[in-house]
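Notes to accompany the following structure.
Coordinate-derived values only; no laboratory data. Everything numeric here is computed off the predicted structure, so don't read it as measured data. Here the Cβ is made from the backbone with ideal geometry for all residues, glycine too, and neighbour counts use every protein chain on show.
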Amino acid sequence: MLIDDLQESLKSLQPDIDTIKAYWQNAGLEQLFQKLSTQSTQENFWKDPNQTDVLKQLQRVRTQRDHYQLIMANQAELPDMLELFKDDEHELKKLETEVNALCKAVTEFKVSLLMNEPQDASNCFFSINSGAGGTESQDWASMLLRMYLRFCEREKLPVEVIDFQPGEEAGIKSATLFVRGKNPYGLLKGEQGIHRLVRISPYDSNKRRHTSFAAATAVPEIPDIEIVIEPNDLRIDTYRSGGAGGQHVNKTESAIRITHIPTNTVTQCQSERSQAQNKETAMKMLKAKLAQKMKEEQEAKTASVEKKKIEWGSQIRSYVLHPYKMVKDHRTEQESPQPDLVLDGDIMEFIESYLVWKSKAT
């Protein structure tokens, strides 16, 4: 019956509601709103040199507070409304729209609340590299690439493949995506780490089970003014692009590889026809990587993927296709018995669970 379905939908929201309440209280957002409101109404506030920043922060917290109060009010009111109209199918149809809207609002608000770091809204360079194991690992890397492309499509995040190194027989050695849109780095930062696949290998004539590894890294784009690179510290190489692309790709050395000699940091780009455009993109990626490296060193803690070998024991998530089917995140204990859906880009539940886990860990 419709009434049972609606009541079950509201019941299923409770863990997310509890997470939102706990985060709101632990982060002191109500107290922050009251403090900023009081500060903005002071008689001499217009003289405050930080006036603009204060007003921006106040507007952000006020918007969050409005959403929080609306969600809490609807969550408290809807169960009573369902009970009141449980025998009225016409009214229940109207309430169904409100329940569905609340479910969507809770999910979106939880994610936006948890992604509160300044860089979360930044565009993101997202790279995938195959581990040791030749064709098997390279095929797994290509499966991950498809998963993240499908995820970006699902979430309406514009994405561009800016570098693509095909495998020798199948799959890919590496690929780099440039992801834009709403909170791309905030969404993808928890995906960085070692991903492990267990399956019956399609490349093994004896149909034996194989374990493969691939690594994902996420780096936020930064404004050019934040880091300066000395030209003498760079080595710039050109090469022919790999993969599909027509005659131009095969005949011209438009692809760019830039090495920052002091740190041995390498970036490359081959997505554009112009060598100059590829160089510009590779430089942006290099600056982002160097800025991330500096941030990690200054904070003396891991702000991005730990530099682990792409091998057994260091994975953040396992994708088991045989002898049973299960995807498990080893940090959050989040599981899914439907790896086919996960590998088709349905990974939001893993992203949400990581954000909740991270908020508790910090």
Inset, instruction - For residue 163, enumerate residues with amide H under 5 Å from its amide H, sequence gap 5+ or separate chain, H modeled in the peptide plane. - result: 176, 270
Inset, instruction - Could you work out how far the C-alpha centroid of the stretch 135-179 sits from that of the stretch 41-69, in angstrom? - result: 42
Inset, instruction - Counting other beta carbons within 10 Å of each Cβ, put 164, 33, 45 in order, fewest first. - result: 45, 33, 164
Legend entry - Mean Cα-pair separation over length for the chain, i.e. relative contact order, pairs under 8 Å, 6 or more apart, %: 15
Inset, instruction - List every residue whose amide H lies under 5 Å from the amide H of residue 327, counting only residues 5 or more places away in sequence or on a different chain, with H placed 1.01 Å from N in the peptide plane. - result: 320, 336, 338
Inset, instruction - Report, in degrees rounded to the nearest 10, the 0 to 90 angle that the Cα long axis of helix 348-361 makes with the longest principal axis of the chain. - result: 80
Legend entry - Calculated P(r) of the stretch 1-72 - Cα pairs past 14 Å, %: 69
Inset, instruction - Starting at the first residue of the stretch 271-286, write each ³J(HN,Hα) from the Karplus equation 6.51 cos²θ - 1.76 cosθ + 1.60 with θ = phi - 60°, in whole Hz, x for Gly and Pro. - result: 7, 9, 6, 8, 4, 5, 5, 5, 5, 4, 5, 4, 5, 4, 5, 4
Inset, instruction - Considering Cα pairs under 8 angstrom that are at least six residues apart, work out the relative contact order of the stretch 2-114 and quote it in whole percent. - result: 44
Inset, instruction - Among 24, 288, 109, pick out the residue whose Cα is farthest towards the positive end of the charge dipole of the chain, where Lys and Arg carry +1 and Asp and Glu carry -1 on C-beta, about the Cα centre. - result: 288
Legend entry - Three principal axis lengths of the chain [C-alpha, angstrom, descending]: 70, 66, 39
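Among the listed pairs 156/182; 156/293; 110/358; 182/284, give every one whose C-alpha distance is greater than 18 Å.
Numbers: 156/182 9 Å; 156/293 29 Å; 110/358 13 Å; 182/284 20 Å.
Over 18 Å apart, Cα to Cα: 156/293; 182/284.
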Legend entry - Exposure rule at most 11 other beta-carbon atoms within 10 Å, DSSP loop trypsin sites (Lys or Arg not before Pro): the chain longest free segment: 1-155
